[in-house]
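What follows is a single structure, written as structure tokens, with notes after it.
The values are calculated or read from the model by the stated rules, or taken from the named source; none is laboratory data. What you see is a predicted model; the values in this text were computed from it and never measured. With ideal geometry, Cβ positions are generated from the backbone for all residues, glycine too; neighbour counts draw on all protein chains shown.
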Amino acid sequence: MKNLFLLFGLILMISSCKTPVSDEHFYDSGISLELAQFRKQQVANIHYNLSFDIPAQKSDPIPSHLTLEIEIIDLSHPLILDFHEESSHLLSLKVNGNETEINHQDQHLIISKEALIKGSNSIEIDFLAGELSLNRNEDFLYTLLVPDRASTLFPCFDQPNLKANYTLTITAPKDWKVLAGAPEVAYEENGEFTTHSFAKSDLMSTYLFSFVAGKFEVARSDSDFPQTMLYRESNPEKIAASIPEVFRLHQKAKEFLEEYTAYPFPFQKLDFAAIPIFQYGGMEHVGAIQYRESTLFLDENATDSELLSRAKLIGHETAHMWFGDLVTMDWFEDVWMKEVFANFLAGKLVNPTYPDINHELSFLTNHYPSAYGEDRTQGTNPIRQKLANLKDAGSLYGSIIYDKAPIMMRQLETAMGEAAFQKGIQKYIKTYANDNADWNDLVELLDENTETDLQKWSEVWVNQSGRPILTDKIELAKDGTISSFVITQTAEDGSDKIWPQLFDITFFYSEQNKTFSVALKDKTLDLTDAIGEKQPMAILYNSNGLGYGIFPIDESSLSKIASLEDEVMRGQSYINLFENTLAGNIEPIIAFETFEKGIAIEKNEILTRLISSELSTIFWKYLTKDQREKVLPSLEAQLWNQLQQNLPTNLKKSIFSLYSGIAYSQEGQDRLYSIWKKDTEIKDLKLNPDNFTSLAMTLAVYGHPFSDQILTEERTRISNPDKLARFDFLQPALSQNEAERDALFESFRDASNREKESWVLSASGYIHHPLHQESAIKHLSEALELLEDIQKTGDIFFPKRWASVTIGQYTSPEAANIVSGFLEAHPDYNPILKNKILQALDDLMRVQRIHESN
């Protein structure tokens, strides 16, 4: 009996034990996985009561206070909060009413377990707000705390699976507006300042907490679901054309997602702010989405692609309310899950709003080139990446999660069927609402609705990197019919990976074409359906644009691409031609000529933009200097003649964008100058003030003899203070004086000069433009050396974008040697940043191989 009681006690003890957690890396800087796992079982019911007193002067500190209400379950270790700031910013600490000594080390505020009790605790902290992610400007500021930046602002548990409620009070200059994640419930004026009090927020992760404060205009919708918008745009035409439409798009997105997920809008409100210098297109903060202002404010002459892009951005951020905000990844290695659903569903929800747009084509052109752009590089990564410490989470972002993941998800939906896929998603939302989940949780639910082995399927698509190269072997019988048709896939990186996927192959005949559906599951596939068919005139692989990889291409059929009637077929053909060119299978000059012919007759704006992008890349990067100067006169003449034709406005704007991006000859500069001076007006080409500013900058980059006068006059045309500040920042990058360009780039050594990241990237792009590279190449080593500091001080996309606008623009052997030398000299370089370098220099290295082989 005694042994029975002991056995029963042992079973009870085991069943009540929490998951054992190693404490080896508790006190590492950043937030280690070990610390995050322990805190998840240590604390519960978190409520942050926060107040920030924002002074009128940008240089003054921001006194702040936190009362943290928390339930503590496990006192086997101290309570560790994250505060990535100087210890001097912590002014006082009270724990359960008792003054307590401040112990701040390695970015953590450590509270001894002796000061705490099991159950409810109250912790009060007076502090100065950290400013690394506060984005302070003279008359406005905004927080941007993804992925681990909340701890740079205030003490907190900065991990996604410790959701909390927030009660916020902001005191700011009285002429400032304030927007936060919960509704404003009271305000009190006190001299030159106003105190804004907000209701208790919904549950959210720390990276979704936010507020915006400053001199903004306010717009409100009059719909059944009210929305509030802060903005600083001053162009009356853009304001009139954009604000009602922006409200409508949010409302439509909300309605679609409620129906698709079978779950009502999950938060108290859907407000947003348009910020001139915002680092991203948008960020899905609960109740207070932030957007880059230029992405929302378009004029009445915006192209279909620009309108569609805005609608998808709004759909993307609204989808995050369910995917990311309501159901949040458990750890940032699954950050891709929120992004894939946001992108994937954004495409679905805009379809009804834009019935005249070919959405299959839009999906193809929006995702495949960007996904290939990273997946073809030596720095590629799997969709799902391991993450040991949250301080490295920013490096996970990129085109793989934003663009390859939606391609993967579309393959999965096609394999499962739309109804079964949606049913699984609805159960996922319902099961994990206001909670956290990982990829395996989703796979488990989706598995209930499909016979496909999703664990095996996702092993290569989700957990491995790269793409396949597909080849064919066709044999003919004596009568000329096909006797054997074998498709083989090999991994581009030489591994033995196999991508199960679906796509179509179309045979072209003089009278009637024939399409075959392919389900590729193994290394090879015998296309038995093709046996006995007559030999076609041409074969188009992946003719429905669903497949992923480099497909066979017949050089003799390139001249027929532009005449393909099906828009998706044309789009896939151009993308596959571009990828085969970069792979060394097609000579760049042949690809250029094909794109040049295509742009001459293309009437679809989406395809025009695709061809323009690929043509521009081949022109500036893959043609030799001699080739470029040889083809420039005819390309300029062709595009200029197209601009004189009777074409739709949106098509003309796309062609003009390409023309202005390559017309650096004297004749081209003269034409662009005449347009900028408004002496020449092209019929149906509608240019707004921002277009003229961009044109002035382009003329300066091209070295127009009147560059100084052009920039001086353009400055007088700019009335918006935010746009004027940007113009002044960029002017040294546009100078004809090399020393001024050098001084600006060298100033970026100081992190304070890199705060406005989008401005820094634009300036660096001008400084390292192909026409300036002989003088700018001396900065390449410096650009590489700064990358580690840029990762520490910048936001998530900054390191890759910095590498892209510096080393990523070069094509010379000298530049290749500089980057190769840097990597060889730093064998232990941060592997995450090394991948960013490898992604950015892919074109540079491919150019060397292509030119050497020719």
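Only one residue in 586, 550 is under 32 Å from the mean Cα position of the chain (by Cα), surrounded by 16 or more Cβ atoms within 10 Å (Cβ to Cβ) and under 30 Å from residue 641 (Cβ atoms), so which one is that?
586
Among 207, 187, which is in a strand (DSSP E or B) and aromatic (Phe, Trp, Tyr)?
From the options 207, 187, the qualifying one is 187.
Would it be correct to say that residue 408 is touching a helix residue (DSSP H, G or I) at 6+ places or on another chain (Cβ under 6 Å) and either surrounded by fewer than 22 Cβ atoms within 10 Å (Cβ to Cβ) or within 17 Å of residue 544 (Cα to Cα) (or both)?
Against the criterion (touching a helix residue (DSSP H, G or I) at 6+ places or on another chain (Cβ under 6 Å) and either surrounded by fewer than 22 Cβ atoms within 10 Å (Cβ to Cβ) or within 17 Å of residue 544 (Cα to Cα) (or both)), residue 408 qualifies.
Quick check on my filter: what residues within the stretch 765-781 are closer than 18 Å to residue 839 by Cα, part of a helix (DSSP H, G or I) and of a type outside the set (A, V, I, L, M, F, W, C)?
Listed by number, the residues that qualify are 765, 781.
Could you list all residues from the stretch 553-572 that are over 25 Å from the mean Cα position of the chain (by Cα) and closer than 23 Å to residue 412 by Cα?
Selection gives 569 alone.
So which residues in the stretch 332-356 are among the basic types (Lys, Arg) and either farther than 18 Å from residue 314 by Cβ or touching a strand residue (DSSP E or B) at 6+ places or on another chain (Cβ under 8 Å) (or both)?
338
Do any helices (runs of 4 or more DSSP H) entirely within the stretch 788-854 hold 2 or more residues that are under 27 Å from residue 622 (Cβ atoms) and basic (Lys, Arg), and if so, which?
Qualifying helices (runs of 4 or more DSSP H): 798-805, 831-840, 842-853.
Which residues, counting only those in the stretch 329-367, are more than 21 Å from residue 205 (Cβ to Cβ), of a type in the set (D, E, K, R) and either within 13 Å of the chain's Cα centre (by Cα) or not in a loop (DSSP other than H, G, I, E, B) (or both)?
Correct list: 348, 360.
State which residue is farthest from residue 330 (Cα to Cα) when the search covers only the stretch 29-42 and only residues that are crowded, with 18+ Cβ neighbours inside 10 Å and among the small types (Gly, Ala, Ser).
By that ranking, first place goes to 30.
Could you give me the residue pairs with C-beta distances under 6 Å whose first residue belongs to the stretch 148-174 and is in contact (Cβ under 8 Å) with a residue 40 or more places away in the chain and farther than 14 Å from residue 66 by Cβ, whose second residue is charged (D, E, K, R) and part of a strand (DSSP E or B) wherever it lies, and which are 6+ apart or on separate chains?
Close Cβ pairs satisfying both conditions: 171/53.
Determine which member of the set 60, 53, 82 is under 15 Å from residue 151 (Cα atoms) and assigned by TED's automatic domain parsing to the domain that holds residue 141.
Just a single option satisfies the conditions, and that option is 82.
Could you tell me which residue of the stretch 371-423 is nearest to residue 801 (Cα to Cα), considering only residues that are outside any helix (DSSP H, G or I) and of a type in the set (Gly, Ala, Ser)?
Per the stated criteria, the residue is 398.
To keep it simple, each residue is scored yes or no on (1) in contact (Cβ under 8 Å) with a residue 40 or more places away in the chain; (2) buried (at least 21 other Cβ atoms within 10 Å of the Cβ); (3) farther than 18 Å from residue 778 by Cβ; (4) assigned by TED's automatic domain parsing to the domain that holds residue 143.
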{"position": "797", "(1), (2), (3), (4)": "yes, no, yes, no"}
{"position": "800", "(1), (2), (3), (4)": "yes, yes, yes, no"}
{"position": "810", "(1), (2), (3), (4)": "yes, yes, no, no"}
{"position": "817", "(1), (2), (3), (4)": "no, no, no, no"}
{"position": "822", "(1), (2), (3), (4)": "yes, no, no, no"}
{"position": "825", "(1), (2), (3), (4)": "no, no, no, no"}
{"position": "838", "(1), (2), (3), (4)": "yes, no, yes, no"}
{"position": "849", "(1), (2), (3), (4)": "yes, no, yes, no"}
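Name every residue in the stretch 260-281 that is surrounded by fewer than 22 Cβ atoms within 10 Å (Cβ to Cβ) and of a type in the set (Gly, Ala, Ser), in order of residue number.
Answer for the stretch 260-281, where residues must be surrounded by fewer than 22 Cβ atoms within 10 Å (Cβ to Cβ) and of a type in the set (Gly, Ala, Ser): 262, 281.
Before we move on, is residue 559 buried (at least 20 other Cβ atoms within 10 Å of the Cβ) and either in contact with an Asp or Glu (Cβ under 6 Å, 6 or more places away or on another chain) or assigned to a helix (DSSP H, G or I) (or both)?
Judged against the criteria, residue 559 is not a match.
I'd like to know if the stretch 229-236 contains one or more residues that are touching a Lys or Arg at 6+ places or on another chain (Cβ under 7 Å), touching a residue at least 60 places away in the same chain (Cβ under 8 Å) and not aromatic (Phe, Trp, Tyr).
no
Evaluate the following for residue 26: is it surrounded by 13 or more Cβ atoms within 10 Å (Cβ to Cβ), touching a Cys at 6+ places or on another chain (Cβ under 9 Å) and over 18 Å from residue 167 (Cβ atoms)?
Here the answer is no, as residue 26 does not meet what is asked.
Can you tell me which residue within the stretch 684-708, out of those that are of a type outside the set (A, V, I, L, M, F, W, C) and farther than 20 Å from residue 298 by Cα, is farthest from the chain's Cα centre (by Cα)?
That would be 705.
Just name the residue that is surrounded by the most Cβ atoms within 10 Å (Cβ to Cβ) out of those in the stretch 597-646 that are part of a loop (DSSP other than H, G, I, E, B) and free of Cβ contacts under 8 Å to residues at least 40 places away in the same chain.
Among them, the one singled out is 623.
If the Cβ limit is 6 Å and pairs must be 6+ apart or interchain, which residue in the stretch 78-99 that is more than 26 Å from residue 119 (Cα to Cα) pairs with which residue that is at pLDDT 95 or above and among the hydroxyl-bearing types (Ser, Thr, Tyr)?
Cβ pairs passing all conditions: 84/151; 84/152.
Report yes if residue 245 is outside any loop (DSSP other than H, G, I, E, B), under 30 Å from residue 717 (Cα atoms) and modelled with pLDDT of 95 or more, otherwise no.
yes
Does the stretch 516-537 hold any residues that are surrounded by fewer than 16 Cβ atoms within 10 Å (Cβ to Cβ) and under 19 Å from residue 480 (Cα atoms), and which are they?
Once the filter is applied, which keeps residues that are surrounded by fewer than 16 Cβ atoms within 10 Å (Cβ to Cβ) and under 19 Å from residue 480 (Cα atoms), the stretch 516-537 yields 526, 528, 529, 531, 532, 533, 534, 535, 537.
Closer than 22 Å to residue 595 by Cβ and surrounded by 16 or more Cβ atoms within 10 Å (Cβ to Cβ): does that describe residue 714?
In short, no.
Please go through the stretch 492-509 and pick out each residue that is in contact with a Pro (Cβ under 6 Å, 6 or more places away or on another chain) and under 17 Å from residue 463 (Cα atoms).
Once the filter is applied, which keeps residues that are in contact with a Pro (Cβ under 6 Å, 6 or more places away or on another chain) and under 17 Å from residue 463 (Cα atoms), the stretch 492-509 yields only 499.
Do we have residue 761 as within 24 Å of the chain's Cα centre (by Cα) and under 23 Å from residue 819 (Cα atoms) here?
yes
Give the stretch 478-507 a look and list any residue that's over 35 Å from the mean Cα position of the chain (by Cα) and either among the β-branched types (Val, Ile, Thr) or modelled with pLDDT of 95 or more (or both), or say none.
Across the stretch 478-507, the qualifying residues are 481, 482, 483, 484, 485, 486, 507.
For a quick check of your reading of the model, give me the residue pairs whose first member lies in the stretch 45-74 and is within 21 Å of residue 192 (Cβ to Cβ), whose second is among the basic types (Lys, Arg), with beta-carbon atoms closer than 6 Å and at least 6 apart or on different chains.
58/136
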